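All remarks here apply to the structure that follows.
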Amino acid sequence: LIRDAIGSNIGTDGQLEYVAEFLRSMFCFAEASTVLYWSRTSDKVGRKPVILIGLIGSSVSMMCFGISQSFWGSLVSRSLMIGLNGNAAVINGMMAELVDTADLAR
């Protein structure tokens, strides 16, 4: 996927692995920088709107990632994928409230 999107700019497999890991690290960076925002937003407006925004944002950004034909297009769409998806923090908080203390792992 990455070799097809970027084309002949990547010569060796080592460079291809570097670009793939860079895309993955941008995903983690975007998640770390937006998780508190989505947690606060879910406290203010509720969980349902945040989960719906996350699902729609993930769907649109996945489609953009699939049709991107350049490295920068895939980088932006991959970052938007998690930047618009606040479901990780919201679902974890929701599950913590639903589970009884007797069912928690020890």
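The values are calculated or read from the model by the stated rules, or taken from the named source; none is laboratory data. Source: prediction; values computed, not measured. With ideal geometry, Cβ positions are generated from the backbone for all residues, glycine too; neighbour counts draw on all protein chains shown. In case anyone asks, the SASA skips ligands and DNA or RNA and just uses the protein heavy atoms, side chains included. Shrake-Rupley method; radii C 1.70, N 1.55, O 1.52, S 1.80 Å.
Look through region 46-75, keep the residues that are part of a loop (DSSP other than H, G, I, E, B) and closer than 19 Å to LEU16 by Cβ, and return whichever of them is nearest to the chain's Cα centre (by Cα).
Selected residue: SER68.
Which of the residues spanning region 24-72 are more than 27 Å from MET95 (Cα to Cα) and open to solvent by less than 30 Å² (accessible area, probe 1.4 Å)?
Listed by number, the list holds a single entry, SER68.
Taking the residues in region 1-47 that are basic (Lys, Arg) and over 24 Å from SER68 (Cβ atoms) as candidates, determine which candidate is modelled with the highest pLDDT.
The residue in question is LYS44.
Using beta carbons and a limit of 9 Å, which pairs, at least six apart or on different chains, have the first residue in region 14-34 and among the small types (Gly, Ala, Ser) and in a helix (DSSP H, G or I) and the second one open to solvent by 80 Å² or more (accessible area, probe 1.4 Å) and at pLDDT 80 or above?
ALA30/LEU80
Could you tell me which residue of region 76-106 is modelled with the lowest pLDDT, considering only residues that are assigned to a helix (DSSP H, G or I) and open to solvent by 90 Å² or more (accessible area, probe 1.4 Å)?
Per the stated criteria, the residue is ASP103.
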